[in-house]
Each structure stands twice: as structure tokens, then as C-alpha cells.
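Throughout, read-outs are computed from the coordinates displayed, never taken from laboratory work. The shown structure was predicted, so the numbers you read here are calculated from the model rather than taken from an experiment. Backbone-built Cβ (ideal geometry, glycine too); neighbour counts: all protein chains shown.
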Amino acid sequence: MYKIGEIKKGREVGYNWGFSMIYVVCPDCGKYRWIPFIKDKPRGNRCRPCHMKYVNYCQRENNPNWKGGRKKKGRNSYILIHLALDDFFRQMSSKGQKGYVAEHRLIMAKHMGRNLHSWEIVHHKNGIKDDNRIENLQLVSDDKHKQITILERKVIFLSERVTVLEAKITRLQAEKENSFVVNRFTN
């Protein structure tokens with residue numbers, strides 16, 4: 001039988017490669033095994049099942065790099081929330097998002113008590129994408145969302161136009177008063 005810490009070539013212990021191997025015991029389950037011994041260091045010390053448990057343990061809250069599971073998709077974009085594997089609402093995350101769900105959709109889903117369908121859109125009433133209070137959110141279908149967006153843009157355009165025209169009216173009235181005063185003194 002082999003001794004813990006014994007170093008041999010891989011071919012000597014049944015592997016197809018010739019680099020060094022070291023005989024170790026898994027610190028978690030106590031299994032004995034050969035692992036690669038590269039640059040005078042063992043490559044890991046846990047067996048595969050224990051290593052996977054350790055990796056899963058180091059995810060989320062147990063990881064020192066964990067930031068609470070919140071991130072912003074882009075500079076002026078939506079907030080994303082990371083959900084655990086066993087979370088009821090995790091199925092709302094898309095395949096490319098790796099468990100992240102848009103916060104506004106998650107808040108609306110929790111308010112409704114069900115998962116949202118992919119065709120359902122959560123609209124921000126005030127247009128601020130990171131203002132995710134339930135009072136600011138509205139669940140709409142795609143065609144209604146397009147109508148709302150078009151109307152909101154039209155209102156913004158018209159209010160800006162009103163501001164410009166009011167400024168012009170004020171300027172024209174001031175010019176008219178100035179010309180009246182000038183004409184009165186010249187006559």
C-alpha cells in the first residue's frame with residue numbers, strides 16, 4: 001500500500017501521463033487518491049465530489065467577492081438580481097443570464113404571486129429604470145407598452161415645444177413693448 005505524501009510518476013500508478021503524482025487523503029471525506037504534483041505543489045487536495053460541494057458552498061453569500069447579488073446591466077439600464085437555484089422565481093431568468101432576473105420584473109412577479117410570462121412587460125411609469133417601487137410599475141402587454149411609450153414621447157415632445165413657443169411669445173411681447181416705447185418717444 002502507498003503512504004500519504006509519496007510521490008511517483010503517473011505511469012507507475014496507472015495513469016497515461018508521465019508527470020509526478022502525489023498520494024493524498026481528502027480532508028473532507030477521508031478518501032485516498034493520487035493527484036498531479038506540479039511545480040512542487042499538489043494540484044488540489046479534495047476529491048471531485050468534495051470539491052464540487054466546496055465550490056457550491058463558496059458561491060453566493062459564502063464567497064468573499066459576493067456583492068449581494070445585485071448588478072446593473074448597463075450604465076443607464078435595469079438592475080439585475082441573482083436568485084438561488086431553488087428560488088421559485090428563478091425560472092424567469094433567461095438562459096444567458098445565469099440566474100439573474102431584472103429587479104422590476106421580480107418585484108412585479110412577487111406582487112402578482114406568480115412568474116411573469118416572457119411576453120409580459122413591466123413598464124416604469126416615470127421612465128426611471130432603476131426606480132422599482134411597486135407604485136411606479138405597471139404590467140402591460142407588448143402592444144400596450146408601445147402605445148404608452150409613443151404617447152409618453154409625444155407628451156414630452158409637445159411639452160418641450162410649448163416651452164420653446166412660450167419663450168418666443170415672451171421675447172416677441174418684449175420686442176413689441178420696446179418698439180412701442182421707442183415709437184412713442186420718436187413721435
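What to note about this one:
- Sum of -39500 (n - 2.57) over DSSP H runs of 4+, divided by residues of the chain (222 nm, nearest 500): -12000 deg cm²/dmol
- This structure gives semi-axes √(5λ) of the Cα gyration tensor in Å, computed directly, and of [x] 69, 23, 13; [y] 36, 21, 13; [z] 25, 18, 17 that value is listed as [x].
- Distant-in-sequence amide H partners of residue 139 (H built 1.01 Å from N, under 5 Å): 123
- Per-residue Cβ neighbour rank within 10 angstrom, fewest leading, 71, 95, 41: 95, 41, 71
- Rounded FRET efficiency, nearest 0.05, which uses the C-beta distance separating residue 141 from residue 110 and R0 of 22 Å: 0.65
- Exposure proxy shown here: for 37, 88, 157, the number of other Cβ atoms within 10 Å sets the order, fewest to most, as 157, 88, 37.
- The overall shape of the range 70-140 is oblate: from the C-alpha gyration tensor, with semi-axes ordered a ≥ b ≥ c, the ratio a/c is 1.5 or greater and a/b is no larger than b/c.
- Exceeding the 28 Å Cα-Cα cut-off - candidates 73/144; 72/110; 110/144: none
- Here the residues 129, 39, ranked from fewest to most Cβ neighbours within 10 Å of their Cβ, fall in the order 39, 129.
- Close amide H partners of residue 72, meaning residues 5 or more places away or on another chain with modelled amide H under 5 Å apart, are 80.
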